[in-house]
1. How big is the chain by the Kirkwood estimate over distinct Cα pairs, in Å?
2. Go through 18-26, 75-83 and give me the packing order, highest mean Cβ count within 10 Å leading.
3. Which Cα, out of Phe49, Leu39, Ile63, lies furthest along the positive dipole direction of the chain (beta carbon charges, K/R +1, D/E -1)?
4. How high is the relative contact order of the chain, given as a whole-number percent (alpha carbon pairs under 8 Å, six or more residues apart)?
5. Given +1 on the Cβ of Lys and Arg, -1 on the Cβ of Asp and Glu, and no further charges, what dipole in debye does the chain carry about its Cα centre, rounded to the nearest 20?
6. If I ignore ligands, DNA and RNA and count only protein heavy atoms, how much of Phe50 is accessible to a 1.4 Å probe, in Å² to the nearest 10?
7. Would you list, by chain and number, the aspartates and glutamates whose Cα falls below 15 Å from the Cα of Lys78, excluding same-chain residues fewer than 8 positions away?
8. For a Förster distance of 25 Å, can you work out the FRET efficiency between the beta-carbons of Lys61 and Lys7, rounded to the nearest 0.05?
Amino acid sequence: MRITEAKTFFQRARGLIGRKSLAEDEGLLIPHCNCIHTLFMRFPIDATFFDRKGAIVKVVKGIKPWRLFVWGGWRACKVLETASR
């Protein structure tokens, strides 16, 4: 899988906004994040939230565009966004 990490403030703020799609083998990793939104997005995504040790704490599938709030829980500290399958 090809994973791009959103390292800067701008990369984190933009996320997948403006993208038409994601390839099946592509993902965006957002560190220091336990909550996402899909405002202004054009396609559904899956979100996998991880704790500090890299263990999965929550998976949310099929998040549609224009969802205001998707929370990974208190233990989540990063999220991997991938194309919804």
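1. 12.6
2. Highest to lowest by the protection proxy: 75-83, 18-26.
3. So the residue we want is Leu39.
4. Working: 197 pairs, mean separation 29.1, N = 85.
About 34 percent, as a whole number.
5. Roughly 180 debye for the chain.
6. Using a 1.4 Å probe on the heavy atoms, I get roughly 40 Å².
7. Cross-link targets: Glu5, Asp46, Asp51.
8. 0.45
The values are calculated or read from the model by the stated rules, or taken from the named source; none is laboratory data. Not measured: the values here are computed from a predicted model. Cβ coordinates were reconstructed from backbone atoms using ideal geometry, including for glycine residues, and neighbour counts include every protein chain displayed. With ligands, DNA and RNA removed, areas are computed over all heavy atoms of the protein, side chains included. Shrake-Rupley method; radii C 1.70, N 1.55, O 1.52, S 1.80 Å.
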